[in-house]
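Asks: This structure is in structure tokens; I'll ask about it shortly.
The values are calculated or read from the model by the stated rules, or taken from the named source; none is laboratory data. What you see is a predicted model; the values in this text were computed from it and never measured. Cβ sites come from the backbone with ideal geometry, for glycine too, and all protein chains shown count toward neighbours.
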Amino acid sequence: MKRFVVQIRMVMVLASALVAAQQPSPPPKNPEPVLRVTTRMVLVDTVVLDKEGHPVKDLKADDFTVTEDGVRQRIASFSERISEPAKVAPPPVLPQHVTTNRPVVTQTNAENGTVAVLLLDGLNTPPQDQIYVKGQMLTFLARQYDPNTKLAVIALTNKLTVLQDFTQDPLLLRAALDRYLAETPALARRGGQMETHPASVPAPSVNLPAQAKGGPTSSRPDPGLPATLAAGGSNASIFEDIAYMMDRFERESENFSRDTRISITLSAVEQIARFVSGQSGRKVLLWFSAGFPFSVVADSPSSMEAQRNYGDQIRRTVNLLNDAHVATYTIDAGGLAPDSLGDPSLSGRDAGGKIHLGIDANRALSGEAFQRFSTHDALETIASDTGGRYFGNRNDLDDAIQSALRESSSYYMLGYYPSNKKWGGKFREIKLQVDRPGVQLRYRRGYFALNPSDWRKDNGERRLTAALTADSLPSTEVTFMARALPPPPDSDTVVEFAVDPSTLSFETEAENHHYCTLQFEVQAFTPEGKLVKAEVQTAEASLPEPTYERVRKQELPMNVPIRLAPGKYILRLGVRDNLTGLFGTADLALEVPATRESKR
């Protein structure tokens, strides 16, 4: 992968405000330090409901009180958003060799329509529950669907599949649901039971003693074995300890599989957040899932063996959802759950099917009940922390969809500039109050005050690389158009970017200059998904005020050359705003013609 750094100097030239010089100008002998000021507004989407669960309208900014870590903040921007009838414009017909990741907007009231994603979580949901969820969604479309709502349908197995992009056509949505379970891999039909281990991650292993393998014994005891096995006890005690080792191995395997499943799940939710980020206003994620735990313990809530905690991963995902203004409504796909004392799923059996007795039985049932509570607690936490709601222990899942969309039809957008200007990465708690008795509020519970430079150092490259893989959803955090014409023989393919400046950030420098820095990336894949080549360029600009104002009204151009052999490719294109870490991606098909020599 080649990397280039291009210093961009803004000059006034006809139709463009940019000229990219391949070599940066030499710095002065005694450069003065550059003071850059970043102004950040925190936006909080807020749903206000009365006692009956209906949206409360016509509130004013003075009716709200906002505090951050207990310190009152001044509301700098305020607006009320009410969902109104709006027709989605047909997708633009792009010229050949041109692509874009810009979302299709409504023809009218672009910021006031309801935008929602139906996420069918086949990775974490048993097959019988997936079938029930599908039926409930079809019931919703037949009886309660409001055609003014813009919906997309996405399925999660070991990867994400967009069954239907955003549309208001119930026939298209119904057809997408009909395809669900018919086109998704067998992994979904198995309820997400992953049976293989990724090659890059070693599977858990267990070392059996030589006696158990039928081989000679060793004079040196294995410190990892039970005392009976290490000392060489009787056959009965040896086989009891072998059973213990196998049981421990199975628990470790289950935890390993769960680790992988949770990692895939959270990565998928982050992809969805970036996929819908370019849509205006508050978005709704309707996530149907049997859930996954915050933590995993081997036997009980008090046991520390093989304990895992996913809280940090979940908090990072929640922060990304909030930055994209995605309120998550998690819906328990298991429906109405029986009381835990009579729940047959709490088996009280060991890995071999043997019933626990006495203290062992209490410990086993306690552990399984705790695991179920932890699983539901994760769904509740994600919903609450993103300003959504958890729907659990109910069979009317179609009504849950309707309730989520109804309360999302009206909300308030509040913005404030934090009085705390230290961006050290710590979590800051947001609290809202409304001067109206008996109301219920749904809003994000806080955010991480990240320093962009620290974010880029720790996460930026990894996340952009993951987003540029062949099977990732397009990201719309930064939007752009791009063109790549088939090159003449023996020439580079030039990818021409045109970035929407309204999706970029600028820092204010001395003498009223405005600074931005972008990274452009082109990855070429074969039609089978094999990465062939990649090119990366980084561009910087310090714009005087007149040029800055002009750039804000037009597109920001950049060319990235890449040399490819003759053949067919899928180009995965990416643009990252290095000041915020936000990025956009899009795909473009390209065929490089054969050279004269190769035709002979």
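Asks: Go through (1) surrounded by 17 or more Cβ atoms within 10 Å (Cβ to Cβ); (2) modelled with pLDDT of 95 or more; (3) over 16 Å from PRO55 (Cα atoms) for TYR412 and report which single condition fails.
Replies: Failed condition: (3).
Asks: Now for a separate question. Taking the range 567-592 only, how many residues are over 31 Å from the mean Cα position of the chain (by Cα) and surrounded by 14 or more Cβ atoms within 10 Å (Cβ to Cβ)?
Replies: 2
Asks: Next question. Say whether the condition of being over 26 Å from ILE272 (Cα atoms), polar (S, T, N, Q) and in contact (Cβ under 8 Å) with a residue 60 or more places away in the chain is met by at least one residue in the range 529-537.
Replies: Scanning the range 529-537 turns up at least one residue that is over 26 Å from ILE272 (Cα atoms), polar (S, T, N, Q) and in contact (Cβ under 8 Å) with a residue 60 or more places away in the chain.
Asks: Would you pick out the residues in the range 526-547 that are of a type in the set (A, V, I, L, M, F, W, C) and either surrounded by 21 or more Cβ atoms within 10 Å (Cβ to Cβ) or more than 25 Å from the chain's Cα centre (by Cα) (or both)?
Replies: VAL532, ALA539, ALA541, LEU543
Asks: Would you check if there is a residue in the range 289-298 being under 21 Å from ALA467 (Cβ atoms) and modelled with pLDDT of 85 or more?
Replies: no
Asks: Out of the residues in the range 69-93 that are modelled with pLDDT of 95 or more and outside any strand (DSSP E or B), state the one that is nearest to the chain's Cα centre (by Cα).
Replies: Step by step, filter the range 69-93, then rank; the result is ASP69.
Asks: Within the range 130-221, considering only helices (runs of 4 or more DSSP H) that don't extend past its boundaries, which have at least 3 residues that are assigned by TED's automatic domain parsing to the domain that holds ILE401 and either more than 30 Å from GLU84 (Cα to Cα) or modelled with pLDDT under 50 (or both)?
Replies: Result: 186-189.
Asks: Looking only at the range 399-452, which residues are among the β-branched types (Val, Ile, Thr) and in a strand (DSSP E or B)?
Replies: Scanning the range 399-452 gives ILE430, VAL434.
Asks: Take the range 46-68 and flag every residue that is under 29 Å from the mean Cα position of the chain (by Cα) and aliphatic (A, V, I, L, M).
Replies: Result: VAL47, VAL48, LEU49, VAL66.
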